[in-house]
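In what follows, a single structure is set out as structure tokens and then discussed.
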Amino acid sequence: MGIVNQDNITDVVIASLGKHGDITGRQREIMAALITHLHGFIKETRLQHHEFLAACDYLARAGKLCNDNRQEFILLGDILGAEVLVDMMTNPVAGGESESTVLGPFYRENPPVMPKGGSIILKHYDNEETVYYEGYVRDEAGRGVPGVTLDVWEDAPNGVYENLDPDQPEYNLRGRFETDENGHYAFVAVRPVPYPIPDDETAGELLRFMGHHPNRPGHVHFIVAKEGFRPLISQIFDADSAWLDDDSVFAVKESLIGKFRPARPEHGTDLHFEFDFVLKEAAGTQAIAAE
Ligand code: BEZ
Ligand code: FE
């Protein structure tokens, strides 16, 4: 069956899978579904050849933009709601564990290791609001978990992440903290401001093609990890932020929204934010943030 027409092309291509080389069941499952949906998409939209070539050119341009500081394909996946859906498929919430959400493209490995309560503010801005963040990391039985690593990162009060901004010191607003013997963590940072994801180049083209905007509500990123628990990649969101109901990357979950409140004198900051995390036990899991 090698002669194709519009009716048999999908079956012909699927029949080629594994014909001249061993493939796993998972490879077969993924490729058969990809071919089925791709052909269905082409037929449904009656895709024209010049549009196919434009898509190839677009993907080539997106690939050329990728470097150590920019992963364009994560951005495109975020704009399409793909990363958040993959994350929900990968980390379904089955019990009382905290919800995960997208990693995004701005995580940097090996942030500075800081003592509990330390500040990750390395540059000050006129519009900044300092915040004492604290809370407990618990297991599903409600016990505080000691020795949990928390990698945190956020944008500066100018709405830009340190690694995209030559005017910020290296690792500004990034740090790695650990819970104490009671499972308690604390650190000082700033109130995150809403910001636009990079909307120049191909990410911006996609947003404009969709008629969507680039803005994200104010949020702080976390990777919460300890061996024996499922690593939690998540964000906490400012309940009073713009764009909370219309995130450009669809990453907001109700359970991840919290309220910034006035700080008490002992906090030494403008604001106070409390948020507890619950980790799911998972035997044999590596603590990814601590590698
Ligand atoms: C972020 O929150 O850092 C982010 C997430 C998805 C796309 C772009 C940025
Ligand atoms: Fe972010």
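The values are calculated or read from the model by the stated rules, or taken from the named source; none is laboratory data. Computed from a predicted structure; not experimentally measured. Note: ideal-geometry Cβ built from the backbone for every residue, glycine included; neighbour counts use all protein chains shown. These accessible areas exclude ligands, DNA and RNA; they are computed on the full protein's heavy atoms, side chains included. Shrake-Rupley method; radii C 1.70, N 1.55, O 1.52, S 1.80 Å.
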message: Taking the conditions exactly as written (at negative phi, open to solvent by less than 30 Å² (accessible area, probe 1.4 Å) and not charged (D, E, K, R)), does ALA156 satisfy them or not?
response: yes
query: Taking the stretch 21-48, which residues are part of a loop (DSSP other than H, G, I, E, B) and either surrounded by 12 or more Cβ atoms within 10 Å (Cβ to Cβ) or modelled with pLDDT under 95 (or both)?
result: ILE23, LEU47
- prompt: So which residues in the stretch 132-170 are closer than 23 Å to GLY258 by Cα, within 16 Å of ligand 2 (Cβ to nearest atom) and either touching a Ser or Thr at 6+ places or on another chain (Cβ under 6 Å) or assigned to a loop (DSSP other than H, G, I, E, B) (or both), if there are any at all?
  reply: GLU154, ASP155, ALA156, PRO157, ASN158, GLY159, VAL160, TYR161
message: If LEU80 meets every condition in (1) open to solvent by 90 Å² or more (accessible area, probe 1.4 Å); (2) outside the structural domain of ALA251 (by TED's automatic domain parsing) apart from one, which number is that one?
response: (2)
- request: Output the residues belonging to the stretch 36-62 that are in contact with a helix residue (DSSP H, G or I) (Cβ under 7 Å, 6 or more places away or on another chain) and either closer than 22 Å to GLN6 by Cα or not hydrophobic (A, V, I, L, M, F, W, C) (or both).
  value: THR36, HIS39, TYR58, ARG61
Members of the stretch 113-140 that are touching a residue at least 60 places away in the same chain (Cβ under 8 Å) and among the acidic types (Asp, Glu): GLU128, GLU129, GLU134, ASP139, GLU140
- prompt: Could you count how many residues in the stretch 49-70 are crowded, with 16+ Cβ neighbours inside 10 Å and either in a helix (DSSP H, G or I) or under 18 Å from the mean Cα position of the chain (by Cα) (or both)?
  reply: 2
message: Going through PHE229, PHE222, PHE209 one at a time, which residue ends up being buried (at least 19 other Cβ atoms within 10 Å of the Cβ) and away from ligand 2 (no atom under 13 Å from the Cβ)?
response: PHE229
query: Do we find that ASP245 is surrounded by fewer than 18 Cβ atoms within 10 Å (Cβ to Cβ) and of a type outside the set (Ser, Thr, Tyr) in this structure?
result: yes
